[in-house]
Structure formats: C-alpha cells, structure tokens
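Report on the following structure.
The values are calculated or read from the model by the stated rules, or taken from the named source; none is laboratory data. Since the model is a prediction, treat every value here as computed from it, not as a measurement. When we count neighbours, we look across all protein chains shown, and the Cβ atoms used for this are built from the backbone with ideal geometry, even at glycine. Remember, those area values only see protein heavy atoms, side chains included, never the ligands or the DNA or RNA. Shrake-Rupley method; radii C 1.70, N 1.55, O 1.52, S 1.80 Å.
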Amino acid sequence: MDEALKAKLDEARERMNSQQAGINANRKHDDRAMREWARGRQRPANAERAQFRASLTDEDRSQIEERIEQLVRDNPTLSPTNARALDSKTEPPSVSVEVLDEYYFLRDIVA
C-alpha cells in the first residue's frame with residue numbers, strides 16, 4: 001500500500017473511531033436525552049463514512065484489498081474460514097488490537 005493511501009486511511013480510521021467511541025458511550029448513558037442525542041449523531045457519522053468510501057478510487061480499493069489479504073496471511077486467525085463463535089471456553093485470537101482495528105476498518109471501508 002502506498003504511503004499516501006496509508007496516511008489517508010490512518011487519519012480516517014482515527015477520526016471515525018474516535019467519533020464512534022463517543023457516540024457509543026453516549027448511547028449507553030443513563031439520561032434519555034443523551035441517548036437520543038447520540039442516535040442523532042450517528043447519521044452524520046454514517047454519512048461521513050459513506051462519503052469516504054465513495055472518495056476511494058479503484059486503485060485505492062485494490063491496494064486495500066491487497067492489505068487485507070496480507071493481514072490474513074500474516075494472521076491466519078483473521079481468516080473467515082478459521083473464524084468460530086467465541087464463547088467462554090474459547091481462547092481469543094492471538095492478534096494485536098492494532099491489527100484487529102486495521103483489519104476490521106479496512107473490511108468495512110471496502111464493503
């Protein structure tokens with residue numbers, strides 16, 4: 001993945017994840033008004049995500065898909081064929097939080 005695209009994706013992931021974290025926290029708030037406010041904030045966040053997806057070129061998408069494949073090769077537990085439901089008896093995958101964050105963000109962006 002070229003450096004310009006990587007920087008663009010890193011910045012977008014950081015911005016979108018921080019927005020979503022705030023929205024999610026307010027959705028769990030005891031005050032009903034805060035929960036309603038969080039629901040109202042979700043629509044613009046979704047629109048920003050959709051706008052970002054639309055801004056990607058076919059070349060960008062190709063590079064993102066290659067990066068996803070590389071992450072799966074380097075971390076086989078990320079593979080959908082290896083995925084299984086987690087329960088209290090299942091060990092969590094031995095993948096760093098950063099890799100999981102990148103993997104799921106990239107999958108969401110190209111979906």
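Listed values, structure above:
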| item | result |
| --- | --- |
| Solvent-accessible area, 1.4 Å probe, carbon plus sulfur percent, for the chain | 50 percent |
| Sites S55 and S96, calculated FRET efficiency, Cβ-Cβ separation with R0 30 Å, nearest 0.05 | 0.60 |
| Exposure of D30 as accessible area (Å², to 10), given a probe of 1.4 Å and all protein chains | 150 Å² |
| Within the chain, longest stretch free of exposed trypsin sites (Lys or Arg not before Pro) [DSSP loop, at most 11 other beta carbons within 10 Å] | 29-83 |
| Label corresponding to volume of the Cα convex hull per residue in Å³ when calculated from the structure given, among [x] 75; [y] 195; [z] 123 | [z] |
| Two-site label geometry, R43 and M1: point separation in nm, points 7 Å out along Cα→Cβ | 3.1 nm |
| Solvent-accessible heavy-atom area per residue, rounded to whole Å², over the chain at 1.4 Å | 70 Å² |
| Rel. contact order, % - alpha carbon contacts under 8 angstrom, at least six apart, the chain | 26 percent |
| Local electrostatic count, V72, Cβ distance below 13 Å [Lys/Arg +1, Asp/Glu -1] | -2 |
| Label-point separation, D31 to K8 (7 Å along Cα→Cβ), nm | 3.9 nm |
| Cα-centred dipole magnitude for the chain, charges only on beta-carbon of K, R (+1) and D, E (-1), debye, nearest 20 | 740 debye |
